[in-house]
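The values are calculated or read from the model by the stated rules, or taken from the named source; none is laboratory data. This structure is a prediction, so every number in the text was calculated from the model and none was measured. Please note: Cβ atoms are built from the backbone with ideal geometry, for glycine as well, and neighbour counts cover all protein chains shown.
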Amino acid sequence: MFLLHLIGLSTILVSKKWQFSQSMFLSSVLRIVHEAILFACSFYTLIVVGLTKRRQWFLLVRHLGRVECEINHAKSLYMIFFVSNAIYLAVSVYTVSVWTRALGVRFVNTYVFELLPVYSQFFITVSICVILKMIQSRYKHQKILLIRHFTQARKQLSYLILLKIKRSLLVLKDAVDLFNDIFGWNILLSIFFGALRSLIYIETTIRREDNVGGHDVAENYWQAAARVSYAFFYWFGIFAVILWCDAVREEFEGLLSYCYQIQECVSGSMLNENEFYAFTNFVSQNMPQFTAARYFGIDRSAIFSILNSVTTFVLVMIQFSSI
């Protein structure tokens, strides 16, 4: 599979060699880095994740299987996978049909080889969302378990219930660390790839020309819609991953907040206050932290950081185009 990716990427570079030589310096740099990131994504996904991360995969699946989750959880996971693939297929068919009609065989020779490596990145993004949904549901179940026993027992909490929750939180914290180890670079490279792809689209729009395959093509509304839909769908996947990471942390913060709320109500339970304070302190020390290859944390603020970086580079491109 990796050899097939390598052949496709090599074909892309050969077919775009004339385009690189005819483009301005900034445009050439963007396109060369774009192809390098695409190769890095394919290499990491198929070689690193597929071969060298097998043990981490096994441990992640085992950890998720050890922690209880919501009932009827599988339907939502299948829904995420099949609906996202159906939308991706529709966008891809539309994009290929529009540009094949405009460029004919030239588009096939230039860009059809990108479909496989780009889809592999999309598949990993969907897999990340599914795993994040599984982690989120397990954190949510810990809060439900705590609320249920605290309410049904008339503000009575047993040591066994808290011990069960502590063990589950430890397993989930390890699962999040394994998640970062497996998918951290995928998330980082996906952000770089999406940013570079968007910058190339914007740079093309600024110069009012379409350089597909090194040929000038007057862009109509259908072709513009193909560009926008493709870029929007890719960014939607990236933002979904970021927001889901933030949702997992928010679910955990809800559990921690509830622990603080019931600290004042444990005086009449089977636990003394010191034991529950120790439990609350344990919960606070096992907060999940998602990172992109340990370069930066993944939460809602990452979206604005990404948009700020892309906007800054767009301003630079506008200045270059005016020279």
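Return yes when Phe233 is modelled with pLDDT of 80 or more, in contact with a Pro (Cβ under 8 Å, 6 or more places away or on another chain) and not β-branched (Val, Ile, Thr) and no when it is not. No.
Only one residue in Ile182, Ile161 is modelled with pLDDT under 90 and more than 30 Å from Ala224 (Cβ to Cβ), so which one is that? It is Ile161.
Considering the stretch 65-76, the residues that are at pLDDT 80 or above and assigned to a helix (DSSP H, G or I) include one that is farthest from Tyr234 (Cα to Cα), namely Arg66. Screening Ile135 on (1) of a type in the set (A, V, I, L, M); (2) at pLDDT 90 or above; (3) under 27 Å from Ile32 (Cα atoms) shows it passes everything except condition (3). Residues being assigned to a loop (DSSP other than H, G, I, E, B) and touching a strand residue (DSSP E or B) at 6+ places or on another chain (Cβ under 7 Å): count how many of those fall in the stretch 291-308. Counting residues in the stretch 291-308 that are assigned to a loop (DSSP other than H, G, I, E, B) and touching a strand residue (DSSP E or B) at 6+ places or on another chain (Cβ under 7 Å) gives 1. Within the option set Leu6, Leu26, Leu30, Leu89, being within 24 Å of the chain's Cα centre (by Cα) and modelled with pLDDT under 80 holds for one residue only, Leu6. In the set (1) modelled with pLDDT of 80 or more; (2) out of contact with any helix residue (DSSP H, G or I) (no Cβ under 6 Å at 6 or more places or on another chain), the condition left unmet by Cys259 is number (2).
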